[in-house]
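First up is the structure itself, then whatever we jot down about it.
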Amino acid sequence: MNDINEILKSDIRASLTKSGLLLFLAGFFIFMGIITSELFYTADFSARDNYISELASKISMGTGDFRRISVSIFDYTMIAAGLMIMAGTWFVHKIFRKYLLTVPMAMFGAGLACSGILQGALPTNNILVSAVFVCGSMAATVSFKIVDTPLKYIFACFGVIVLIMLVFQQYFIPVLGVGGAERWLFYPVVFWVTGMGAYLLGIKDGHKNTLRA
């Protein structure tokens, strides 16, 4: 029986490490990918007046090399990060068995990957962007169930912020601009992904909410 317990604990530690690394690096890649893509965006670009999703917009044959680099960086970053989040979600589910967390979390990752694949195609991309925000908000809020104090309150606040920004977006756009309002929708989820990854990496000997023998 002790051997079985040790195997289970070892499997939990391995899953925590894998999920933590995948989520932490996904959050890092998203944030730095957006920043780097903005640097190579040759047209006028403002964090206040331009949507993040404009970085993924389709480019014509006459588009300059730097603009192509910008689109490629954004698209491939979103695809890679989305796949990493989906893979990380698999390991999170193995540990916690919380469908209310892992289903929207996986859908968030899938939405990110699809946004890079579709390259800003409309109207499909508008639907995907909204789905990404909703699923990210749900996952961040529900993670309250598996994370310890005080981090669980911070994660829940991230989710609530995204929900408030989504519902009352028309009131924030005049103040923040369309780009600023979208960043307030997206970045709290990105920070949640990064923070969730760091939290999972910090758990060494299991967790009171994980599966145990």
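Each value in this text was obtained by applying a stated rule to the coordinates, not by laboratory testing. Everything numeric here is computed off the predicted structure, so don't read it as measured data. Cβ sites come from the backbone with ideal geometry, for glycine too, and all protein chains shown count toward neighbours.
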Inset, instruction - Report the local net charge at T141: Lys and Arg +1, Asp and Glu -1, summed over other residues whose C-beta lies under 15 Å from its C-beta. - result: +3
Legend entry - Gain on full stretching of the segment that runs from I117 to F168 - 0.36 nm per residue minus C-alpha separation: 15.5 nm
Inset, instruction - Note the full-extension length gain between S130 and F28 as 0.36 nm times their separation in residues minus their Cα-Cα distance, in nm to one decimal. - result: 34.6 nm
Inset, instruction - Calculate the spin-label point distance for R48 paired with K152, positioning each point 7 Å from the Cα along the beta-carbon direction, and give it in nanometres. - result: 4.1 nm
Inset, instruction - Give the peptides 68-77, 186-195 in descending order of average Cβ contacts within 10 Å, highest first. - result: 186-195, 68-77
Inset, instruction - Provide the net charge surrounding V189, with neighbours chosen by a C-beta distance below 12 Å and charges set as Lys +1, Arg +1, Asp -1, Glu -1. - result: 0
